[in-house]
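The values are calculated or read from the model by the stated rules, or taken from the named source; none is laboratory data. In this text, all values refer to a predicted model and were calculated from it rather than measured experimentally. Because the Cβ atoms are built from the backbone with ideal geometry, glycine has one as well, and the counts that use them run over all protein chains shown. SASA here: full protein model, heavy atoms, side chains in, ligands and nucleic acids out. Shrake-Rupley method; radii C 1.70, N 1.55, O 1.52, S 1.80 Å.
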Amino acid sequence: MQQNNTETFGYTLASKGDRLKATIVEGLIYVPCLIGLYAIFDQSYWEYFNEELKLTDILYAGIFSLLIGAVWYPLFSGNLGHRIFKLKVISLESGKDYEKSQEGAIREFLKSILGFLIIPSIWILWDDNNQNLYDKLTKTHVVKCKTN
């Protein structure tokens, strides 16, 4: 049960700044991995930025995000950026950790695909509960982990 705009289920909502930092750091970790994959397949990662967006780019991003969500959410109740910044994802309906592979895969997939549209990603700037559109669709909150 939500108490106010800064707390939910006894957790403090993650700030917009914390969420942004987690996203940036996670991206900085994944970029070298992607450059490595491009090198393995003898393709230039830098040429990717000079090309127009193709449907296959969106498809690959979706597949990658499904895998990321399916792996990280059972381990961390969130993605790698969440783990680094001591954040996690909880259900807006029950307050339970969002830790199933399929839940994480769907949330990360929506995050990735909706990111191509930009507006759903910057929605958080105007939302009182620090939610993006994919948070609203999956009925989740990103919160700070409780410390002992």
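If I ask for residues that are within 11 Å of Val142 (Cβ to Cβ) and of a type in the set (A, V, I, L, M), which ones from the stretch 83-105 would you list?
Once the filter is applied, which keeps residues that are within 11 Å of Val142 (Cβ to Cβ) and of a type in the set (A, V, I, L, M), the stretch 83-105 yields Leu87, Val89, Ile90, Leu92.
Quick one: how many residues across the stretch 9-53 are in a helix (DSSP H, G or I) and among the charged types (D, E, K, R)? Let's see the steps before the verdict.
Going residue by residue through the stretch 9-53, those that are in a helix (DSSP H, G or I) are 16-40, 45-48.
If we keep only those that are among the charged types (D, E, K, R) as well, we get 16, 18-19, 21, 26, 47.
Residues flagged as in a helix (DSSP H, G or I) and among the charged types (D, E, K, R) within the stretch 9-53 amount to 6.
Give the stretch 102-131 a look and list any residue that's polar (S, T, N, Q), surrounded by 15 or more Cβ atoms within 10 Å (Cβ to Cβ) and under 25 Å from Thr56 (Cβ atoms), or say none.
Ser112, Ser121
Please indicate, with yes or no, whether at least one residue in the stretch 54-66 is open to solvent by less than 30 Å² (accessible area, probe 1.4 Å) and under 21 Å from Thr12 (Cα atoms).
There is no residue in the stretch 54-66 that is open to solvent by less than 30 Å² (accessible area, probe 1.4 Å) and under 21 Å from Thr12 (Cα atoms).
When you look at Lys21, is it of a type in the set (Lys, Arg), touching a Cys at 6+ places or on another chain (Cβ under 6 Å) and at pLDDT 90 or above, yes or no?
no
Within the group Tyr73, Tyr45, which residue is hydroxyl-bearing (Ser, Thr, Tyr), open to solvent by less than 60 Å² (accessible area, probe 1.4 Å) and at pLDDT 90 or above? Show your work before the answer.
Numbers: Tyr45 fails: at pLDDT 90 or above.
On inspection, the qualifying residue turns out to be Tyr73.
Which residues, counting only those in the stretch 95-148, are farther than 22 Å from Phe64 by Cα and polar (S, T, N, Q)?
Asn129, Asn130, Gln131, Thr147, Asn148
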